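Presented below is the structure to which this report refers.
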Amino acid sequence: MQRDLLADFLRRRREAIRPAEVGLPDGPRRRTAGLRREEVAMLAGMSVDYVVRLEQGRSSQPSPQLLGALARALRLSDDERDHLFHLAGHRPPPSDAVARLARAGLMRMLDLLGGTPALVLSDLGEVLAQNRAAVLLMGDHSGFSGDRRYVVYRWFTDPAARAVSPPEDRDHYSRELVADLRAVAGRRAGDPTVAGLVGRLRAASAEFRGLWAEHEVAVRRADRKTLLHPRVGTLVLDCETLVTPDQAQRLLVLTPADAETRERLDLLRVLGTEEFPAENGDTPVR
């Protein structure tokens, strides 16, 4: 661990970021260049004291999980993220773990979208980042672990995951999820992560086995979906998906398809997250 270099790198990256880039107000009374330490701590989900000690070269060695959180908070590029890991005395994450860190450019787009629900997903459908509007809409997806972090796995193994979709739409969503996973499996042929997920799904769900055998292939890009929200009722949303050049990550943007949905999304922002049922808010994210 190169404490002094790590401290200098973190301090310089913090000072280089404008608050607006991470969705924070850029008021006239700010005396700090870039972000404040407490703002980095908030974005990374750690204590202010630990951020201070990191920047002063007095900290213990940060874990890979903490470094990933710092990389997201500071909007580091892939090269900067790898450099951060090296300075902290860790090897950069392997390819699969790297894909699970939302890219800096996509994180900036999340911030710029503001009140429009948007999220970053891996090609396997793991939610890597959400803005506040997306959390209000579908709950916080950051706490899932194991196979449950994949939308397709929850859809086919947990009945609660389908509760927010109208019954008449569920077969369509099932086919879309399987067709997209088939496209990923073809693109990442021989990847044990993909093969293992498919194998466990085939063992867990007869419905998945049947759809997988049909060999339908389609990469999801744009669509319209209906969401039965537990607090504001039926929402009709247009879903636009932007895919990175290597197709490893996607930015999903959800916009109201009609005036009634727009009004209900406005109401949801007013209501906030109080008493939001996290598990029941598990919409089939695409």
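Read-outs throughout are calculated quantities, based only on the coordinates presented, and are distinct from any laboratory measurement. Predicted, not measured: the structure shown is a model, and the values here were computed from it. Heads up, the Cβs are rebuilt from the backbone with ideal geometry, glycines too, and the neighbour counts pull from every protein chain shown.
Give me the percent of Cα-Cα pairs in the stretch 156-255 that sit more than 24 Å apart, rounded to a whole number. List each step's numbers first, then the result.
Values: 1466 of 4950 pairs.
For the stretch 156-255, the fraction of Cα-Cα distances above 24 Å is 30 percent.
When you restrict to C-alpha pairs under 8 Å that are six or more residues apart and normalise by the size of the stretch 32-73, the relative contact order lands at 40 percent. If you wrap the Cα atoms of the chain in a convex hull and average its projected area over all directions, you get 15.9 nm². Coupling constants for the stretch 231-241 follow from the phi torsions by the Karplus curve (6.51 cos²θ - 1.76 cosθ + 1.60, θ = phi - 60°), and in residue order they are 10, 10, x, 6, 10, 10, 10, 8, 10, 10, 10 Hz; glycine and proline get x.
Across the stretch 122-211, the convex hull enclosing all Cα atoms gives 103 Å³ per residue.
Counting every C-alpha pair in the stretch 3-93, the share spaced more than 16 angstrom apart comes to 49%. With a Förster radius of 35 Å applied to the beta-carbon distance between ASP147 and ARG31, the computed FRET efficiency rounds to 0.15. Note on ASP258 and ARG221: with the Förster distance fixed at 22 Å, the Cβ-Cβ geometry gives a FRET efficiency of about 0.55.
Determine the gain in length on full extension of the stretch ASP246-ARG269; use 0.36 nm per residue of separation and subtract their C-alpha separation, reporting nm with one decimal.
On the way: separation 23, 0.36 × 23 = 8.28 nm, distance 3.41 nm.
Between ASP246 and ARG269, full extension yields an extra 4.9 nm.
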